[in-house]
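No value in this document is a laboratory result; all are computed from the given coordinates. Nothing here was measured: the structure is a model prediction, and the numbers come from that model.
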Amino acid sequence: LSGGAEAPPPVTVPLAPVAAAPVAPAAAPPAAPERKGVTIEVIGAPEGARILPGYLKQKKYWSANVGKLHLGPVGASQFDLVLDSEWDWKQALESRAKGRPFFVAVGFTDPHRPYQRDTIAEPHDPRQLELPPWLADTPETRADIALYYDEIARMDGAIGQMMTTLERRGLVGNT
């Protein structure tokens, strides 16, 4: 959702100019088109089909898939490491081939339904939200959007931790 005053996450917004094209408003953000846009979702891909990590491997990159990215066997086999939980990204960094450029794809389950309560220390107050004009302004909608924003904030915090870790290790320019 765009348009709400509380929506912009502090870490991922500055990354947007280099990471993504402008986004049109959507009542339900589509995940699959974004995954397909970076050629990661390959369930049912024919044997021999190559996706991003396969191309990077030719350039001597080490790669890991961490968390939700809907990989079929053809896609998974092109990563050097596959971990099931997005919270295992530190393990991926520790496991990487040292001295080589690397690519770590992290697929978050946030924000996906069913939204979880208490995902951040200071949850969004549904009464304080500025709802986009295309949504019904009801207590249920406000509660739902507040939980959605909470999950975005948790994901944003995790991305911030990743960026800080990469900066501290001097790896930002090597990934």
TODO: Enumerate the amide H contacts of Trp62 below 5 Å, restricted to partners 5 or more residues apart or on another chain; note that Pro and chain-start residues carry no placed amide H.
DONE: Phe102, Phe103
- [ ] Go through segment 52-67 residue by residue and turn each phi into a ³J(HN,Hα) via Karplus (6.51, -1.76, 1.60, θ = phi - 60°); whole Hz please, and just put x for glycine and proline.
- [x] 3, x, x, 5, 5, 4, 4, 9, 6, 7, 9, 9, 9, 10, 10, x
Open item on the list: Using each residue's phi in segment 83-92, evaluate 6.51 cos²θ - 1.76 cosθ + 1.60 at θ = phi - 60° and report the 3J(HN,Hα) Karplus result to the nearest Hz, with x for Gly and Pro.
Closed with: 10, 7, 10, 4, 7, 8, 4, 5, 4, 5
TODO: Please work out the ratio of the alpha-carbon Rg of segment 84-170 to 2.2 N^0.38 Å and round it to two decimals.
DONE: 1.40
- [ ] Show the residues, 5+ positions off or on another chain, whose built amide H is closer than 5 Å to the amide H of Val106.
- [x] Val66
- [ ] Can you check how the C-alpha radius of gyration of segment 61-128 compares to 2.2 N^0.38 Å, as a plain ratio?
- [x] 1.43
Task: aspartates and glutamates whose Cα lies under 15 Å from that of Lys59, excluding same-chain neighbours fewer than 8 positions away - done: Asp80
